[in-house]
Amino acid sequence: MPIKQIEYKKPTILVICNYYLPGYKRGGSLRTIVNMVDRLKDRFDFWIVTRDHDGDNIQYKGVKINGWNNVRGARVFYLSKNNVKISKLRELIIETKPDSVYLNSVFSPLSIFVLMLRRLSLIPKLNIILAPEGEISDGALKIKPKKKKVFLKLAKNLGLHENLIWKTASDFEKYESERIKGSGGEVFVAPNLPSRMFLEDYNQRLKPQKNIGEAKMVFLSRFMRKKNFNWLLDLLDKINGNLQIDIFGNLEDKDYWAEARQIIKNLPENIKIEYKGLLPYEEVLNKLFEYHFFILPTLSENFGHVFIEALAAGCPLIISDRTPWLNLEEKRIGWDLSLEKPNQWVNLINYCLSIDNKTYSEFSSNARKFAIDWLSDINVEENTLRVLEYSLDISSKPIS
């Protein structure tokens, strides 16, 4: 008598997020979801509900809008603008019958709608994972503070954040989450997932030559006040040597960019600042490889995918100390500096300009080695896996 084959059904994780592929303009939170699917799709069925554009209100071409699409190992539903509503989300949650739900924003209407549906018992009882993605850091909360303060107070009064599974990217973000979380639930630390490997054909000898008195630096991020680039611009008239900083990324805050342009006009001739436009994700690593250093004086980052990408491209980091990437100097892979000490930034940039190619190459190769070692650490993936499995282990008895 033949043995009956038992078909294994993978657990279903429903991810509800503002942006997904084919988008690339909205930074690390999008990459976190893409990388999670790429790495863990053999263990879970990922169904994703997202908007039909990349933050610019231009509808995607080549995908089915308001219907399910197969996208690199996940099923993706692209919501048109008129379908970004609570009733449509309820319909999709009931249709997909997920084992748990993953949200990657505190303030997105999509996340708020899901939490309202749960609070009003309009969807089946489900465990919900909430990843703040840096939105509740002190630096982020200073942007449109009144609106965010009102929402967080209302959410607390309504119990929207009670009994959630919080996925935080660092110990500090865990602390930030514990300040606003409601009663019950669990808070996990699970650094965001990068790609498995970057620049497999990396060759240190092909990095650009570093001449004394010169340096090419790159700023690659969403251009907005939280990234604090204009603060850096105000320091550059004190720089000795020929400094080039190229800017890549979405000009998300047009007023902030207009302020930057005014400062750039008044910089001395030895300082060259240029906006180079947007980069599709597939081009990011090769472009980073073309620069000596990566610079970002951010007000806060919960993780920062671009940091590990820059290191993998052999670019030592010059960043603020308001990220999880700390003690860089002792590792000889960069510097994390206080924003309260602007003279440190001036002195450090002048130092970077002054070093020769031999000294630079040591920093650069250290950066590459650190990134490869970090990417090969099994805990990088296991921490996220632990959060997802926890949401499933208690799925038969939701936190409520």
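For region 195-220, which residues satisfy the criterion of being at pLDDT 95 or above, in a loop (DSSP other than H, G, I, E, B) and crowded, with 17+ Cβ neighbours inside 10 Å? If you could, list the steps in order and put the result at the bottom.
The initial filter retains those residues of region 195-220 that are at pLDDT 95 or above, namely 202-220.
Checking the rest, the ones that are also in a loop (DSSP other than H, G, I, E, B) come to 202-203, 207-213.
Of everything in region 195-220, those that are at pLDDT 95 or above, in a loop (DSSP other than H, G, I, E, B) and crowded, with 17+ Cβ neighbours inside 10 Å turn out to be Y202, K207, K210.
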How do the pairs read when you match residues in region 98-109 that are on the phi < 0 side of the Ramachandran plot with residues anywhere that are surrounded by 24 or more Cβ atoms within 10 Å (Cβ to Cβ) and charged (D, E, K, R), using Cβ under 7 Å and keeping only pairs 6 or more apart or on different chains?
-> N104/E133; S105/E133
Helices (runs of 4 or more DSSP H) enclosed by region 123-187 - at least 2 residues per element that are touching a residue at least 24 places away in the same chain (Cβ under 8 Å) and in contact with a Pro (Cβ under 9 Å, 6 or more places away or on another chain) | 171-180
Okay, strands (runs of 3 or more DSSP E) sitting entirely in region 234-330 with 1 or more residues that are farther than 26 Å from F198 by Cβ and assigned by TED's automatic domain parsing to the domain that holds F223, I get 242-248, 271-277
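When you scan region 233-261, how many residues do you find that are among the polar types (S, T, N, Q) and free of Cβ contacts under 8 Å to residues at least 60 places away in the same chain? Working first, answer last.
Initial filter on region 233-261 (among the polar types (S, T, N, Q)): 240, 242, 244, 250.
Narrowing the set further to residues that are free of Cβ contacts under 8 Å to residues at least 60 places away in the same chain leaves 244.
Residues that pass the stated criteria total 1.
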Give the residue that is nearest to F219 (Cα to Cα), with candidates limited to residues of region 317-363 that are of a type in the set (G, A, S) and under 23 Å from the mean Cα position of the chain (by Cα).
-> S320
In this structure, is N228 at positive phi and crowded, with 17+ Cβ neighbours inside 10 Å?
-> yes
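The values are calculated or read from the model by the stated rules, or taken from the named source; none is laboratory data. This is a predicted model, so every value here is computed, not measured. Here the Cβ is made from the backbone with ideal geometry for all residues, glycine too, and neighbour counts use every protein chain on show.
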